[in-house]
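*Asks:* Before we start, here is the structure in question, set down as structure tokens.
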Amino acid sequence: MHSHRRIAHLDMDAFFASVELLRYPELRGQPVVVGGRRVDPPPIRPDGSRQFARLRDYAGRGVVTTSTYEARALGVFSAMGLMQAAQRAPEAILLPADFDAYRDCSRRFKTAVATITPHIEDRGIDEIYIDLGDLPEDSPTLARRIKEAVFAATGLSCSIGIAPNKLLAKIASDLDKPDGITILGPDDIPARIWPLPARRINGIGPKAGAKLARLGIATIGELAAAPRQLLCRHFGQRSGDWLHRAAHGFDERPLAVEREIKSVSRESTFERDLHAQQDRAELSAIFTALCRHVAADLQCKGYASRTIGIKLRFADFQAVTRELTLPAATADAALIRRAAGECLKRAPLQQRIRLLGVRAGGLQPLRAATPAPDEQPQLPLFV
């Protein structure tokens, strides 16, 4: 039997691109791609209009962070290389990603939803699950209330799917994008869910999708019709059982409402590989910025850290990590920078660096942390 739970999945529409369109409303209705390195704001022409960069002029190995629906119609999607995207949509506008703005908007939409119900599972910067079971209103009314609260807080639209469980709610939120409301019950599964590609089930990745295709299974309906024994034989007992249940719309996972975070981290992948000596000033600035971001994230979440670590990925894609345990937990940017610098001294820096990351673990409530001393010694630079 399907449960009588009522779960919503809220997905912000083309989130990063939509935040940029608030800043540059003249770009509405145009193909816009967000990605690449931070650059100066678009220059102002003599007539007062802004001069935006075009995708055709991009050179580098950056990737698409997100794109507007107009750019998606031209075949440009997230995680695609910007050079490849330029071949598909050379005239698309290219904007750099501004993650500080996206995080601020993310906090605002989640705070707005929490005024309606606190039963929220955070799934990332632009999506949440919401347990609506305790609320008296009907589903369409609730969905409209939530959308109105999100719009009032951010100026942005979202799409909401409401269903008996998380699996169906996530599929539902994608069925009427953008700015959609989709409500599914168990009786809707044959008509609304089964015609969809099997890959629309969250958890069926490219490998499983290709394996299903080799078995002649392309849609969720064909997966539902496949004998459980066949699925277990090809995917193993546990995965076969899960595929069978998922195709029939079963999912008993509870909402992880109070997930305890284990660590906070920030990392940066460079457009070109940087050298520890020749690019010392640039690396040092990036390193300091990462430490400040980690400190700000800790303070925002109400934590302090006892263990600071770094991660380096080199030009040959080999990665190394180093970490240091502090005598007392901190959320102070200068102390985090100092500890991360000590870790860096213990890392091999002969090769060019492709990625740099800073991680804060061993978390404890911020109020229990020792305050940072007023005077800090000189912070280490790249050596």
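*Asks:* For the range 128-162, which residues satisfy the criterion of being crowded, with 18+ Cβ neighbours inside 10 Å and among the charged types (D, E, K, R)?
*Replies:* Result: Asp131, Lys147.
*Asks:* For residues that are polar (S, T, N, Q) and surrounded by 18 or more Cβ atoms within 10 Å (Cβ to Cβ), scanning just the range 166-218, find the one that is farthest from Pro140 (Cα to Cα). It would help to see each step written out before you state the result.
*Replies:* Here is the first cut: in the range 166-218, the residues polar (S, T, N, Q) are 173, 182, 202.
Now narrow it down to the ones that are surrounded by 18 or more Cβ atoms within 10 Å (Cβ to Cβ): 173, 182.
Working: Ser173: 13, Thr182: 9 Å.
Across the range 166-218, the extreme among qualifying residues is Ser173.
*Asks:* Quick check on the range 339-353: of everything there that is among the basic types (Lys, Arg) and assigned to a loop (DSSP other than H, G, I, E, B), which residue is nearest to His275 (Cα to Cα)?
*Replies:* Taking the range 339-353 first, the residues among the basic types (Lys, Arg) are 345-346, 352.
Applying the additional criterion that residues be assigned to a loop (DSSP other than H, G, I, E, B) yields 346, 352.
Values: Arg346: 16, Arg352: 5 Å.
Ranking the candidates gives Arg352 first.
*Asks:* Starting from residues that are β-branched (Val, Ile, Thr) and loosely packed, with under 13 Cβ neighbours inside 10 Å, keep the ones in the range 32-82 and report whichever is modelled with the highest pLDDT. Lay out the reasoning, then the answer.
*Replies:* In the first step, residues of the range 32-82 are kept if they are β-branched (Val, Ile, Thr); the result is 32-34, 39, 44, 63-66, 68, 76.
Then keep just the ones that are loosely packed, with under 13 Cβ neighbours inside 10 Å; that gives 39, 44.
Numbers: Val39: 65, Ile44: 91.
That would be Ile44.
*Asks:* Might you check whether a residue that is surrounded by 17 or more Cβ atoms within 10 Å (Cβ to Cβ), free of Cβ contacts under 8 Å to residues at least 60 places away in the same chain and of a type in the set (A, V, I, L, M) occurs anywhere in the range 235-245? Write out each step before concluding.
*Replies:* Pass one, the range 235-245, residues surrounded by 17 or more Cβ atoms within 10 Å (Cβ to Cβ): 235, 240, 242-244.
Narrowing further to those that are free of Cβ contacts under 8 Å to residues at least 60 places away in the same chain: 235, 240, 242-244.
The next check asks that each one be of a type in the set (A, V, I, L, M); those that pass are 243.
Yes, there is a match, as at least one residue in the range 235-245 is surrounded by 17 or more Cβ atoms within 10 Å (Cβ to Cβ), free of Cβ contacts under 8 Å to residues at least 60 places away in the same chain and of a type in the set (A, V, I, L, M).
*Asks:* Can you tell me which residue in the range 266-304 is surrounded by the fewest Cβ atoms within 10 Å (Cβ to Cβ), limited to those that are assigned to a helix (DSSP H, G or I) and basic (Lys, Arg)?
*Replies:* Restricting attention to the range 266-304, the residues satisfying the condition of being assigned to a helix (DSSP H, G or I) are 280-301.
From what is left, the residues that are basic (Lys, Arg) are 280, 292, 301.
Values: Arg280: 14, Arg292: 16, Lys301: 12.
Only one residue tops the list, namely Lys301.
The values are calculated or read from the model by the stated rules, or taken from the named source; none is laboratory data. Predicted, not measured: the structure shown is a model, and the values here were computed from it. For neighbour counting, all protein chains shown are included, and Cβ atoms are generated from backbone atoms with ideal geometry for every residue, glycine included.
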